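First the structure, in the form of structure tokens, and then the observations on it.
Only the coordinates and a few stated rules stand behind these numbers; no lab work does. None of these values were measured; they are calculated from a predicted model. Here Cβ is always computed from backbone atoms with ideal geometry, including for glycine, and neighbour counts include all displayed protein chains.
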Amino acid sequence: MKIGDYFEETLKFDYQEMITFLDIVKDINPTHRLTPEELQDPQKRASLTVQGMFAVSMFSGMLSRIFPDSLNVSREATFVRPVLLEDTYTISLKVRDIIPEENIGVLKGYIRNSKGKVCIDCNTRMRNEQLFGKKD
């Protein structure tokens, strides 16, 4: 792993998965839920806001595939624009720095909508001795 390495995936949010997440964290905010009737209305579905931490958790999944056996040390997310259920997104991560004496990789991530606009700006630190540790 080296500074500048870049990873990108396409992302689409699933309503039922989000509802499961909301139920687990006991989030009852109606801005993230639709009635069964509203669920059938394409305009209502298109305007539904994805729960922010559910969206941010997509970085965890991507990181686990790129950096298996790594530990997330910190994550900071800024919500720039709403993430809407019916849009398609690009999630990206770039290695910005490596701190070998701490086995840490510093990554910058974004979730961008189909128009290329940043919706979530994310900073993450991962610990992995093999990937980010001192090289002999």
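Can you name the residue in the range 81-95 that is aliphatic (A, V, I, L, M) and within 13 Å of the chain's Cα centre (by Cα) and, of all such residues, is nearest to Glu9 (Cα to Cα)?
Of all residues in the range 81-95, those aliphatic (A, V, I, L, M) come to 83-85, 91, 93, 95.
From what is left, the residues that are within 13 Å of the chain's Cα centre (by Cα) are 83, 91, 93.
Numbers: Val83: 16, Ile91: 5, Leu93: 9 Å.
Only one residue tops the list, namely Ile91.
Residue by residue through the range 60-74, note down the ones that are on the phi < 0 side of the Ramachandran plot and either in contact (Cβ under 8 Å) with a residue 12 or more places away in the chain or outside any helix (DSSP H, G or I) (or both). Please lay out each step first, then the result.
Residues of the range 60-74 on the phi < 0 side of the Ramachandran plot: 60-68, 70-74.
If the condition is that a residue be on the phi < 0 side of the Ramachandran plot and either in contact (Cβ under 8 Å) with a residue 12 or more places away in the chain or outside any helix (DSSP H, G or I) (or both), then Ser60, Met62, Leu63, Ile66, Phe67, Pro68, Ser70, Leu71, Asn72, Val73, Ser74 are the ones that fit.
Restricting the first residue to the range 104-130 and requiring it to be more than 10 Å from Ala77 (Cβ to Cβ), which pairs with a second residue that is assigned to a loop (DSSP other than H, G, I, E, B) and among the small types (Gly, Ala, Ser) meet a Cβ separation below 6 Å and a spacing of at least six or different chains?
So the pair list comes out as Met126/Ser70; Asn128/Ser70.
Do we have any residue at all in the range 14-23 that's loosely packed, with under 12 Cβ neighbours inside 10 Å, of a type in the set (Phe, Trp, Tyr), on the phi < 0 side of the Ramachandran plot and in contact (Cβ under 8 Å) with a residue 40 or more places away in the chain?
no
Taking into account only those residues within the range 103-122 that are over 22 Å from Phe13 (Cβ atoms) and of a type outside the set (A, V, I, L, M, F, W, C), which is nearest to the chain's Cα centre (by Cα)? Write out each step before concluding.
Applying the first criterion (over 22 Å from Phe13 (Cβ atoms)) to the range 103-122 yields 103-106.
With of a type outside the set (A, V, I, L, M, F, W, C) added as a condition, the list becomes 103, 105.
Working: Asn103: 22, Gly105: 17 Å.
In this case the residue turns out to be Gly105.
So, in the range 10-30, how many residues would count as being closer than 15 Å to Glu86 by Cβ and not aliphatic (A, V, I, L, M)?
Qualifying residue count, the range 10-30: 7.
Go through the range 119-136 and give me each residue that's under 19 Å from Ser92 (Cβ atoms) and either surrounded by fewer than 16 Cβ atoms within 10 Å (Cβ to Cβ) or among the acidic types (Asp, Glu) (or both).
Hits for the range 119-136 are Asp121, Asn123.
If we keep just the residues of the range 28-49 that are crowded, with 16+ Cβ neighbours inside 10 Å and not aliphatic (A, V, I, L, M), which is farthest from Thr88 (Cα to Cα)?
Among residues in the range 28-49 that are crowded, with 16+ Cβ neighbours inside 10 Å and not aliphatic (A, V, I, L, M), the one farthest from Thr88 (Cα to Cα) is Arg33.
Considering the range 59-74 alone, what residues qualify as being surrounded by 14 or more Cβ atoms within 10 Å (Cβ to Cβ) and either within 11 Å of the chain's Cα centre (by Cα) or of a type in the set (Lys, Arg) (or both)?
Initially, the range 59-74 is screened for residues surrounded by 14 or more Cβ atoms within 10 Å (Cβ to Cβ), giving 59, 62-63, 66-67, 70, 72-73.
Those that are surrounded by 14 or more Cβ atoms within 10 Å (Cβ to Cβ) and either within 11 Å of the chain's Cα centre (by Cα) or of a type in the set (Lys, Arg) (or both): Phe59, Met62, Leu63.
One residue is enough: does the range 75-88 have a residue meeting the conditions part of a helix (DSSP H, G or I) and surrounded by 14 or more Cβ atoms within 10 Å (Cβ to Cβ)?
So far as the range 75-88 goes, no, none of its residues is part of a helix (DSSP H, G or I) and surrounded by 14 or more Cβ atoms within 10 Å (Cβ to Cβ).
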